[in-house]
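**Q** Let me begin by handing over the structure; questions about it come next.
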């Protein structure tokens, strides 16, 4: 592990709590081994492991299979194609990968598991059988590939991500593995992440549910299903990948694109995505904080990667057992331990470099009907709308360059905020997606929808 900057080094009590959590997880989950890492401030600040072998604990360089966390890597490749203008997320699959028989499904639907495709392949369990049983996409999809109408609901689909892997190959003209290596792994320095195991790596085990005995699990090459669950990685590589998913990296995907990935694109489904599913990213709530990441499992291995953007903390847990250990829960707990014991220290306040007087005209109190709001101009050059009462919708807005502002999040995401001025240049009111905000409640001098009573405000005499 690299030296930890003094500003991010964890307290001894926090490190003890992290070690205790993974020790309980390994013992109660009866995993042959477990390895974990925590990142804060963009750096790995803690690593720990527990193992059944005395004096031989794995470290952050040992590979484990990560299962469906592979899907997040595949999603990054697809988002790169979008950012390069080679496709749109709303494109039907048929436009770029013809002949699948499910070409009406859009790329966005595949990324967000709303394409209506089956959860698994037809025939035998694909994770425990040779890839030669599924040599073509027709074998992966089967004769009845759909379980739901596309776009109707969230339904997790492994074949859907196989299609995305084949899409990457069709557009790039190279294998999924080659594209991943050149476009994601090498730029991010993830040198211990690979499609095939590289020493040192853990062996996968099945632990008997009712006896403290175990047997080795077979390792199968997944073939066409690789994009859904093939990868091997380490806690150090995955902690760095989590930092990328939280911050972006212009060599791979910018901050806006990774933010889009971790924004809910489909509704929640119990046990899979507690706060919805983004574009290759699961969302859940743990301890009152919103986490983004992904879980993974293949025979012999389970994995969890979760991070809190608000707390700037990420955690990864990898174990080599087929079941019994919930690595996603453990990783979420590690995030919570650090966030609660050592809350994030906010960045120093800084002023704007320059403020446009026209923008300053907009700040201060506003009213939507009788509901009070405040509009602030931040040092980032954004406008922040915040309710001052018990009810109301908050949002941030970015200048669009034409005198208007575009909503970035929440109810007003994508909506236009416009300052309407009087002939003398003074601001009359704000128009936000047809909602009129005035400087005083129901300003009779502004075009309040429905008008304002001519007698104005009055008591009852």
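The values are calculated or read from the model by the stated rules, or taken from the named source; none is laboratory data. These numbers come from a predicted model, not from an experiment. Here the Cβ positions follow ideal geometry from the backbone for every residue, glycine too, while neighbour counts run over all protein chains shown.
**Q** Which residues, taken from the stretch 59-83, are assigned to a helix (DSSP H, G or I) and closer than 19 Å to residue 299 by Cβ?
**A** Passing the criteria: 69, 70, 71.
**Q** If a residue counts only when it is touching a residue at least 24 places away in the same chain (Cβ under 8 Å) and surrounded by 13 or more Cβ atoms within 10 Å (Cβ to Cβ), which strands (runs of 3 or more DSSP E) contained entirely in the stretch 389-458 have at least 2 such residues?
**A** 416-421, 427-432, 435-438
**Q** Inspect all residues belonging to the stretch 237-247 and state whether any of them is assigned by TED's automatic domain parsing to the domain that holds residue 134, buried (at least 20 other Cβ atoms within 10 Å of the Cβ) and either on the phi > 0 side of the Ramachandran plot or free of Cβ contacts under 8 Å to residues at least 24 places away in the same chain (or both).
**A** no
**Q** Sticking with this structure for a sec: Check 183, 178 and return the single one that is part of a helix (DSSP H, G or I), farther than 21 Å from residue 130 by Cα and free of Cβ contacts under 8 Å to residues at least 24 places away in the same chain.
**A** 178
**Q** Quick check: is even one residue across the stretch 250-260 touching a strand residue (DSSP E or B) at 6+ places or on another chain (Cβ under 8 Å), assigned by TED's automatic domain parsing to the domain that holds residue 131, closer than 22 Å to residue 332 by Cβ and assigned to a helix (DSSP H, G or I)?
**A** no
**Q** May I ask you to say which residue of 137, 97 is touching a residue at least 60 places away in the same chain (Cβ under 8 Å), within 22 Å of residue 183 (Cα to Cα) and either assigned by TED's automatic domain parsing to the domain that holds residue 262 or surrounded by 13 or more Cβ atoms within 10 Å (Cβ to Cβ) (or both)?
**A** So the residue among 137, 97 that is touching a residue at least 60 places away in the same chain (Cβ under 8 Å), within 22 Å of residue 183 (Cα to Cα) and either assigned by TED's automatic domain parsing to the domain that holds residue 262 or surrounded by 13 or more Cβ atoms within 10 Å (Cβ to Cβ) (or both) is 97.
**Q** Residues that are farther than 18 Å from residue 296 by Cα, touching a strand residue (DSSP E or B) at 6+ places or on another chain (Cβ under 9 Å) and at pLDDT 95 or above: does the stretch 129-145 have at least one?
**A** yes
**Q** A follow-up question, please. Which residues, taken from the stretch 34-58, are outside any strand (DSSP E or B), on the phi < 0 side of the Ramachandran plot and either touching a residue at least 40 places away in the same chain (Cβ under 8 Å) or buried (at least 21 other Cβ atoms within 10 Å of the Cβ) (or both)?
**A** Correct list: 58 only.
**Q** Here are the criteria: (1) more than 22 Å from residue 254 (Cα to Cα); (2) at pLDDT 95 or above; (3) under 21 Å from the mean Cα position of the chain (by Cα); (4) part of a loop (DSSP other than H, G, I, E, B). Tell me which single one residue 163 does not satisfy.
**A** (4)
**Q** Turning to a different aspect of this structure: So, residue 318, is that one farther than 29 Å from residue 399 by Cβ, in the same structural domain as residue 34 (by TED's automatic domain parsing) and part of a loop (DSSP other than H, G, I, E, B) or not?
**A** Taking the combined requirement at face value, the residue does not satisfy it.
**Q** List, please: which pairs have Cβ atoms under 6 Å, are six or more places apart or on different chains, and start with a residue in the stretch 346-368 that is modelled with pLDDT under 95 and end with one that is assigned to a loop (DSSP other than H, G, I, E, B)?
**A** The qualifying pairs are 350/379; 351/379; 352/379.
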